[in-house]
Amino acid sequence: MAVHFLLLLFAVSLVAADDEAFIGVNIGTDLSDMPHPTQVVALLKAQQIRHVRLYDADQAMLLALAKTGIQVVVTVPNEELLAIGQSNSTAANWVSRNVVAHYPATNITTICVGSDVLTSLPNVAKLLVSAIKYIHSALVASNLDRQVKVSTPLSSSIILDSFPPSQAFFNRSLNPVLVPLLDFLQSTGSYLMLNIYPYYDYMQSNGVIPLDYALFKTLPPNKEAVDSNTLLHYTNVFDAMVDAAYFAMAFLNYTNIPVVVTESGWPSKGGSNEPDATVDNANTYNSNLIKHVFNKTGTPKHPGIAVSTYIYELYNEDTKPGPLSEKNWGLFDANGTPIYILHLTESGAVLANDTSNQTFCIAKDGADPKMLQAALDWACGPGKVECSPLLQGQPCYEPDNVIAHANYAFDTYYHKMGKTLDACDFNGVATISTSDPSHGSCLFPGSLGKNGTLGNFTAPSMNSTNSDSSAYNLGNCDLRIRSLLMVTGFLLWGVVLL
């Protein structure tokens, strides 16, 4: 398991989406062994997840979330829309039972009225706006309309001609519902909720959309997608779809409704016809998405304005119908064990989903190779790190490159020094990560192996003259003989780290 404004005029109206930009998670319940609500909340706390979306308003779950401070989105299930859309009193009863009874102990911030109604229940769509307005009226009557927003998640498939984004528009047959919906969102200061799945866009593109473009991977400039009308460059599907939504709203003269992405993710497993539903791709997509939100990159149309997003989803739902991938969107299994360890170096503690609370010291992305080499030489020399596992034929020799070897040496020194921040600097080329860099039989200090036990680690004292460490540097230097670099390294690092 490999480890872890437009201009001010426009920005003012959308800044709310950035002020509290967050990553949340969706909590589905189609599990054969659904954890108890208290267990769910314990996992949320351990992962420092502060925003969740429920697909219902389960009373036990709402009680378990009380007094946690976690911001909660509750949902009017699709099967209740017909009744609520035709009866103000039914809507009032729903709000009384599922919101008023729990607020403010449970920090309910939003009500989703249905989900994907326009595409999954077209016959009920004509009642959607009525249901939304009835729910909002009930909040007004309870003096909660300022604290609790109301909206409805929409599938991104309602946006047609989505690339280039500047030409995007909503399916015109839906305008009789969309226009009054957008009127409501604008008048109440709510947001357009959009479900964005680059996985499906990629799968359905017949090779037109490159996998790297769907996964947020870094693209060379000549591989970026360019909007020929705006000349904006797009490096990922997610940003293109968000901007397509903004352009589609602008096409209908709505320019101040922010977008919140209510679902996005990537499956970690699929059937034989889903070869790109893999652990590595799921990890790459969700890790890059989380970093994209927290880095406040924004989109090409709205740079610097982050789009709050709910990851789909917390648990694998093993009883969900459909293809194998439908059961494998989760970050965790029912026992709370991570499906994979997210790559979230320098992205904060939210969803650093290593449940063992481990930290490691590794080479910083993009670090200068010569500086890494000097740091490695220092660690295995004056730093007195036990580097014999890096010798040829030993468990950590492969891959034989400076980054991999530096990762091991940095992490060993970091653990030897008590995991202090200063012990993971190495003149700026190292960083702390929650992702375990262990691989194969190369087990890093402090790592939990596949059997869940700590990796063996014997740290020599600072006064040690360990012969194996010396052998690495001065004797059996099977790692690319580098005597000149050793001297340079000592000169560079002696002052900083001795």
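Here are a few things to note about the model shown:
- Screening residue 255 against (1) in contact with an Asp or Glu (Cβ under 8 Å, 6 or more places away or on another chain); (2) at pLDDT 90 or above leaves a single unmet condition, (1).
- Being open to solvent by 30 Å² or more (accessible area, probe 1.4 Å), under 27 Å from residue 365 (Cα atoms) and hydrophobic (A, V, I, L, M, F, W, C) is not true of residue 332.
- Filter pass, residue 285 being within 23 Å of residue 117 (Cα to Cα) and among the hydroxyl-bearing types (Ser, Thr, Tyr): no
- Any hit, segment 251-261, residues being over 27 Å from residue 283 (Cα atoms), crowded, with 17+ Cβ neighbours inside 10 Å and β-branched (Val, Ile, Thr): yes
- Condition broken by residue 358, with the remaining ones in (1) at pLDDT 85 or above; (2) assigned to a loop (DSSP other than H, G, I, E, B); (3) not charged (D, E, K, R) satisfied: (1)
- Candidates in segment 276-324 are the residues that are of a type in the set (D, E, K, R) and part of a helix (DSSP H, G or I); of these, the one that is most open to solvent (accessible area, probe 1.4 Å) is 280.
- Filtered by the rule that a residue be over 22 Å from the mean Cα position of the chain (by Cα) and more than 13 Å from residue 38 (Cβ to Cβ), segment 59-72 gives a lone residue, 59.
- Residues that are in contact with a strand residue (DSSP E or B) (Cβ under 9 Å, 6 or more places away or on another chain) and of a type in the set (Ser, Thr, Tyr), drawn from segment 200-251: 213, 234, 235, 246
- Among the candidates 146, 172, residue that is more than 29 Å from the chain's Cα centre (by Cα) and basic (Lys, Arg): 172
- Cβ-Cβ under 7 Å pairs, at least 6 apart or on other chains, segment 33-50 side hydroxyl-bearing (Ser, Thr, Tyr), far side surrounded by 12 or more Cβ atoms within 10 Å (Cβ to Cβ): 38/64
- Residue pairs meeting the criteria (Cβ under 9 Å; at least 6 apart or on separate chains; first on the phi > 0 side of the Ramachandran plot and among the hydroxyl-bearing types (Ser, Thr, Tyr), in segment 204-226; second assigned to a helix (DSSP H, G or I) and surrounded by 10 or more Cβ atoms within 10 Å (Cβ to Cβ)): none
The values are calculated or read from the model by the stated rules, or taken from the named source; none is laboratory data. Note that the structure is predicted; figures quoted are calculated from it, not measured. Virtual Cβ from ideal backbone geometry, glycine too; neighbours counted across all protein chains shown. Please note that ligands, DNA and RNA were not included when accessible areas were found on the heavy atoms of the full protein model with its side chains. Shrake-Rupley method; radii C 1.70, N 1.55, O 1.52, S 1.80 Å.
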